[in-house]
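Readers should treat all values here as calculations from the given coordinates under stated rules, not as data from a laboratory. This one's a predicted model, so the numbers in the text were calculated from it and none came from an experiment. Here the Cβ positions follow ideal geometry from the backbone for every residue, glycine too, while neighbour counts run over all protein chains shown.
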Amino acid sequence: MDKTTIGVAIDIPHPWGSELTAARLAAGDPVGAYVPAHVTLLGPTEIDAGDLPEIDRHLTAVAARHPAFDVRLRGTGTFRPVTQVVFVAVAAGISECERLHAAVLSSAAIRTEVRFPYHPHVTVAHDVPPERLDAVFAGLAGYEASFAVAGFTLFEHDDGGRWRSYAEYRLATDH
C-alpha cells in the first residue's frame, strides 16, 4: 500500500507566523524554508495513503468537539541537551493544545510512537550550531504574541519535505 507522511498543526497567524519563520531562517534552520511557524499537534507521521479519508473524518469530529481558544506565546525555551531545539513558549492555551493533541492521536488510523511527552511550543531553531541556538534563544527571550485559535490544519508532506495543506478544520464556536 502507498504511504504518505502527514502532520497536524495550529498555524501561527500573520504577523507572528512570518516573524517566527523569519527567525528560524535567520538561525540557519533549513526547515524554516518549507515548514511555516506552527504549534504541532501531530508531528510527521507515516500513514497508509488510503487512510487519509478516515483521518479527515476523525479530525472533523475532533474539531467539532473542541472550542476555539486563545494562545499566548511568551519567551523562549529549549529542549537541550536532549534535542538541539530552541522554541518560543506557549504561555496560555497549553491545556487546550494538550486536549487537541490527545484527541488527534485517538484515531486508529494514526499509529505513531511518541518519543517525548507532548509540550506545545513553536520551534524557532533545530539542529543548528550551538552559537545559533544561543543567539535565537537570547534574541527572542522577550517575544510575546497573543491570538485566537479558530482551527488547525492537516498537512501532507511532499517528496521534498514541504508541507502542503490537505484540509483545514474549524473549532467549535458555540461551547
- Query: In the stretch 131-175, how many residues are over 30 Å from ARG57 (Cα atoms) and in contact with a His (Cβ under 8 Å, 6 or more places away or on another chain)?
  - Reply: 0
- Query: Of the residues in the stretch 142-175, how many are of a type outside the set (D, E, K, R), over 14 Å from the mean Cα position of the chain (by Cα) and more than 21 Å from ALA92 (Cβ to Cβ)?
  - Reply: 5
- Query: Restricted to the stretch 18-35, and to residues that are surrounded by fewer than 18 Cβ atoms within 10 Å (Cβ to Cβ) and in a loop (DSSP other than H, G, I, E, B), which residue is nearest to the chain's Cα centre (by Cα)?
  - Reply: TYR34
- Task: Answer yes if at least one residue in the stretch 59-74 is assigned to a strand (DSSP E or B), buried (at least 21 other Cβ atoms within 10 Å of the Cβ) and not acidic (Asp, Glu), and no otherwise.
- Result: yes
- Message: Looking only at residues that are in contact (Cβ under 8 Å) with a residue 12 or more places away in the chain and more than 21 Å from GLU113 (Cβ to Cβ) in the stretch 3-17, which one is surrounded by the most Cβ atoms within 10 Å (Cβ to Cβ)?
- Response: ILE10
- With ALA33, ALA23, ALA27 as the choices, which residue is of a type outside the set (Phe, Trp, Tyr), touching a Lys or Arg at 6+ places or on another chain (Cβ under 6 Å) and under 20 Å from ASP127 (Cα atoms)? ALA27
- Item | Filtered residues of the stretch 91-125 (kept if farther than 21 Å from PHE69 by Cα, among the small types (Gly, Ala, Ser) and surrounded by 15 or more Cβ atoms within 10 Å (Cβ to Cβ)) | SER107, ALA109, ALA125
- So how many residues does the stretch 138-175 have that are closer than 27 Å to GLY50 by Cα and among the polar types (S, T, N, Q)? 2
- Item | From the options ALA91, ALA141, residue that is more than 21 Å from ILE6 (Cα to Cα), in a strand (DSSP E or B) and not polar (S, T, N, Q) | ALA91
